[in-house]
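Chemist: Dropping the structure in here first, questions after.
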Amino acid sequence: RQKSLAVNYKNRSIGEFRVDILVKNIVVLELKSVERHDPLFEAQLLSYLKSGNYRVGLLINFNTRLLKNGIKRLIL
């Protein structure tokens, strides 16, 4: 389910992120359905991991022939 994360800079709240899915408050899932992988997607997921103090994230692109080819794991 989607979860909001506060974004802080120098101890001030400057906005919030919305994570696509947070599994058991441990794994962040970022879901996409795009033809081309963009490095910004990984940067976005890394920002979510750092902001929420999570260690594991999965970037999943559903627009692939084989789903396993559309999964990228990021670990902090």
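The values are calculated or read from the model by the stated rules, or taken from the named source; none is laboratory data. Predicted model only: the values in this text are computed from it and were never measured. Neighbour counts run over all protein chains shown; Cβ positions are idealised from the backbone, glycine included.
Chemist: Looking for something at negative phi, within 15 Å of the chain's Cα centre (by Cα), at pLDDT 95 or above and β-branched (Val, Ile, Thr) - is there at least one such residue anywhere in the range 6-22?
Modeler: No - not one qualifying residue is present in the range 6-22.
Chemist: Still on this structure, I have one more. Taking only the range 37-46 into account, find how many residues are surrounded by fewer than 12 Cβ atoms within 10 Å (Cβ to Cβ) and either modelled with pLDDT under 90 or part of a helix (DSSP H, G or I) (or both).
Modeler: Qualifying residue count for the region: 3.
Chemist: Hey, among the residues in the range 2-26 that are without any contact (Cβ under 8 Å) to a residue 12 or more places away in the chain and among the basic types (Lys, Arg), which one's nearest to Ile75 (Cα to Cα)?
Modeler: Across the range 2-26, the extreme among qualifying residues is Lys24.
Chemist: Right, another one. Would you check if Leu49 is under 17 Å from Gln2 (Cα atoms) and in a helix (DSSP H, G or I)?
Modeler: Criteria met by Leu49.
Chemist: Moving on. Please determine, by comparing only the residues of the range 22-36 that are over 11 Å from Leu59 (Cα atoms) and touching a strand residue (DSSP E or B) at 6+ places or on another chain (Cβ under 7 Å), which one is surrounded by the fewest Cβ atoms within 10 Å (Cβ to Cβ).
Modeler: Ile26
Chemist: Within the range 60-71, take every residue that is hydrophobic (A, V, I, L, M, F, W, C) and more than 16 Å from Gln2 (Cβ to Cβ) and give me the one that is surrounded by the most Cβ atoms within 10 Å (Cβ to Cβ).
Modeler: Ile71
Chemist: Taking only the range 52-63 into account, find how many residues are at pLDDT 95 or above and in a loop (DSSP other than H, G, I, E, B).
Modeler: Summing the residues that are at pLDDT 95 or above and in a loop (DSSP other than H, G, I, E, B) in the range 52-63 gives 3.
Chemist: Would a scan of the range 27-36 turn up a residue that is in contact (Cβ under 8 Å) with a residue 12 or more places away in the chain, among the acidic types (Asp, Glu) and part of a strand (DSSP E or B)?
Modeler: Yes, there is a match, as at least one residue in the range 27-36 is in contact (Cβ under 8 Å) with a residue 12 or more places away in the chain, among the acidic types (Asp, Glu) and part of a strand (DSSP E or B).
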